[in-house]
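Note sheet for the following structure.
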Amino acid sequence: MTVLYLGIFGFSLTLSFILTRYVRGLATARGWVQAPISERHLHEAPLPRLGGVAIFGAFVISLGVAVVVASFRPELAFGSSLRVLTTILVPACLVFLLGLYDDIRSVGPYVKFTVQTIAAAMLWLGGLRIVHLPVLFGFREFPWYVGLAITVLWVLGITNAFNLIDGLDGLAAGSALFSTLVVFVVALLSHASLVALTTIALSGAVLGFLRFNFNPATIFLGDSGSLFIGFLLSALALEGAQKAPTVIAVAIPVVSFGLPILETSISVLRRLISGRPVFTADREHIHHKLLQLGLSHRQVVIVLYAVSALFALLSLFLLWPTGSSLGLVLAVVGTGVWLGVQHLGYPEFGEIRRVAQRTLDQRQIVINNLAIRRATAELRVARDYQQICRILVAAFSANDFDAIEINVKPSLSEYQSLGELEGIPFSDGEVHFRWSRPGTLLLPGASRTWGLTLDLLTSADLRRGAMHVQRRYHDRPLQLDVNLLISEFPTALADALDRVFVSAMAMAPKTSDGQGLVEAQAG
């Protein structure tokens, strides 16, 4: 048995090596190459992208040889598996042809998903389907339409996941090799000879191609290769799940395909968060982020190989499922993913953290917002200057700003009346009010602060001056809805000041002396 597996692996590897060289030479001679025309392309010279043809050819021929050889080994009971093999290969060939056409002519995303959905439905009709998810829902079987939807989503997700990580030389092929070897080991232990022979043939084909695809690559995998490999692995995982225990059937494929699944999940989430179409191409994939951190092309690939190998190793721990092993694997995977995503510095996930932190701080935000709302309501009925000052101090003592300053320049007709009243301090021809948080010293031009300047316009559009609010720079976010501060509040303050000035003019005694101003400062 071991000799058979080693023989098929060696034959597939050798054949893939020969076919890759041939396809590379033929594609280069015919001009079937991809030039670096997009900013997402990291290669510098035009290169052929039909590596999937070599992998497909080596795999199919090797698998054919394996079937012939296995037919002489009754102990493999391989004859009864030919129907399942046909069920997998027919839609896999359809997906390969889709990728090949896309490599040559280019196909839109909706056409790709339509063809892939048809291929996934063919698997479901052939009996390769997800009928229950015991880890999440127990052993209750799904209705046929739910099982069909979940099966299609699984196939589409894994198929396109390997296509999505095909952005650096050797990355998709290397990651697929680790995942394929895991499926092979699981198949051996589950005595699934069909899956074992299929995966060992695929492993040899991928490894033979990888010799020419590793950095610096001389040929690319192309959609014909990445889509075919992804679809085949998703189908083999469905077949292997039919004979494996529950945890192995569900958890091992998910963990072993960890890198492509993680890349796909992150890409979909960040595009949804940022409001961009899911199918939009960009330079924010995991490998792009690692390149931005200063790693070389080859270093990034090696790092992601290590990540793929770690996922593969962790998935093999689940071959002996216990409560402690499952919990340990999930903890390690979850912690590693969290730390990795944080280190990559995606701004979209920074926004999620901000929203989460704001949710935790919501009680204080509500308190601060209510202080501004109450101040706005009280200013609408305020009748004297001291009352306005008390309202402002009470409102801003409860929120996150460190200082406020109000400068109001009275009109000529108000100037004399205000000057003869006590309690309204002004100097240099303006009424001034300043307040700063106790223990806070803000020196103009010396303190690291930011601020807002609000024009004080009355409801009759009369300008009464300006209000300046300041806050020191620090990491804690502002726990206040600024919209409350810039909408009704300035108008209410301007109207209150206007009432005070009008009242002062009515109450002030008539004199001929326009001076006699009192200079003072509150706060």
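Within segment 39-53, restricting attention to residues that are surrounded by fewer than 14 Cβ atoms within 10 Å (Cβ to Cβ) and modelled with pLDDT of 60 or more, which residue is nearest to the chain's Cα centre (by Cα)?
Top of the filtered list is 44.
Name the one entry in 480, 497 that is part of a helix (DSSP H, G or I), modelled with pLDDT of 85 or more and aliphatic (A, V, I, L, M).
On inspection, the qualifying residue turns out to be 497.
Does residue 153 satisfy being free of Cβ contacts under 8 Å to residues at least 24 places away in the same chain, under 23 Å from the mean Cα position of the chain (by Cα) and in a helix (DSSP H, G or I)? Walk me through it before giving the result.
Details: free of Cβ contacts under 8 Å to residues at least 24 places away in the same chain: yes; under 23 Å from the mean Cα position of the chain (by Cα): yes; in a helix (DSSP H, G or I): yes.
Criteria met by residue 153.
Just one of (1) under 17 Å from the mean Cα position of the chain (by Cα); (2) modelled with pLDDT under 85; (3) under 16 Å from residue 261 (Cβ atoms); (4) not aromatic (Phe, Trp, Tyr) trips up residue 274, so point out which.
Evaluating residue 274 over (1) under 17 Å from the mean Cα position of the chain (by Cα); (2) modelled with pLDDT under 85; (3) under 16 Å from residue 261 (Cβ atoms); (4) not aromatic (Phe, Trp, Tyr) leaves (3) as the failure.
Taking segment 280-290, which residues are assigned to a helix (DSSP H, G or I) and over 13 Å from residue 169 (Cα atoms)?
Once the filter is applied, which keeps residues that are assigned to a helix (DSSP H, G or I) and over 13 Å from residue 169 (Cα atoms), segment 280-290 yields 286, 289, 290.
Under 6 Å between Cβ atoms, at least 6 apart or on separate chains: pull out the pairs that start in segment 256-270 with a residue that is farther than 15 Å from residue 234 by Cβ and end on any residue that is among the β-branched types (Val, Ile, Thr) and crowded, with 23+ Cβ neighbours inside 10 Å.
263/165; 263/286
Consider only pairs whose beta carbons are under 6 Å apart and that are at least six residues apart or on different chains; among these, list those whose first residue lies in segment 168-191 and is over 17 Å from residue 234 (Cβ atoms) and whose second residue is part of a helix (DSSP H, G or I) and among the aromatic types (Phe, Trp, Tyr).
If the second residue must be part of a helix (DSSP H, G or I) and among the aromatic types (Phe, Trp, Tyr), the pairs left are 174/305.
Could you pull out the residue among 302, 273 that is assigned by TED's automatic domain parsing to the domain that holds residue 178 and closer than 22 Å to residue 215 by Cα?
302
When the residues of segment 379-403 are filtered to those that are surrounded by 18 or more Cβ atoms within 10 Å (Cβ to Cβ) and under 14 Å from residue 496 (Cβ atoms), which remaining residue is modelled with the lowest pLDDT?
Filtering first and then ranking leaves 385.
Looking only at residues that are surrounded by 14 or more Cβ atoms within 10 Å (Cβ to Cβ) and among the β-branched types (Val, Ile, Thr) in segment 333-351, which one is farthest from residue 179 (Cα to Cα)?
Of everything passing the filter in segment 333-351, 341 is farthest from residue 179 (Cα to Cα).
For segment 158-175, give me each residue that is assigned to a helix (DSSP H, G or I) and farther than 19 Å from residue 266 by Cα.
173, 174 - these are the residues of segment 158-175 that are assigned to a helix (DSSP H, G or I) and farther than 19 Å from residue 266 by Cα.
With the requirement that a residue be free of Cβ contacts under 8 Å to residues at least 24 places away in the same chain and not hydrophobic (A, V, I, L, M, F, W, C), what does segment 355-410 give you?
359, 362, 363, 374, 378, 387, 390
Any residue in segment 216-223 that is more than 20 Å from residue 103 (Cα to Cα), at pLDDT below 95 and assigned by TED's automatic domain parsing to the domain that holds residue 69?
Yes, segment 216-223 has at least one match.
Tell me whether segment 310-332 contains one or more residues that are touching a residue at least 24 places away in the same chain (Cβ under 8 Å), surrounded by fewer than 18 Cβ atoms within 10 Å (Cβ to Cβ) and of a type in the set (Gly, Ala, Ser).
No, segment 310-332 contains no residue that is touching a residue at least 24 places away in the same chain (Cβ under 8 Å), surrounded by fewer than 18 Cβ atoms within 10 Å (Cβ to Cβ) and of a type in the set (Gly, Ala, Ser).
In this structure, is residue 128 buried (at least 17 other Cβ atoms within 10 Å of the Cβ) and over 15 Å from residue 95 (Cβ atoms)?
Values: buried (at least 17 other Cβ atoms within 10 Å of the Cβ): yes; over 15 Å from residue 95 (Cβ atoms): no.
Criteria not met by residue 128.
Condition first: farther than 15 Å from residue 260 by Cβ and surrounded by 17 or more Cβ atoms within 10 Å (Cβ to Cβ). Now tell me which residues in segment 289-301 satisfy that.
Within segment 289-301, 289, 290, 291, 297, 300 qualify.
Taking the conditions exactly as written (crowded, with 24+ Cβ neighbours inside 10 Å, at pLDDT below 90 and not in a loop (DSSP other than H, G, I, E, B)), does residue 206 satisfy them or not?
Spelling it out, it is not the case that residue 206 is crowded, with 24+ Cβ neighbours inside 10 Å, at pLDDT below 90 and not in a loop (DSSP other than H, G, I, E, B).
So, residue 249, is that one at pLDDT 90 or above and either within 19 Å of residue 197 (Cα to Cα) or surrounded by fewer than 19 Cβ atoms within 10 Å (Cβ to Cβ) (or both) or not?
no
The values are calculated or read from the model by the stated rules, or taken from the named source; none is laboratory data. In this text the structure is predicted, and so the values were computed from the model without any measurement. Reconstructed Cβ throughout: ideal geometry from the backbone, glycine too, with neighbour counts over all protein chains shown.
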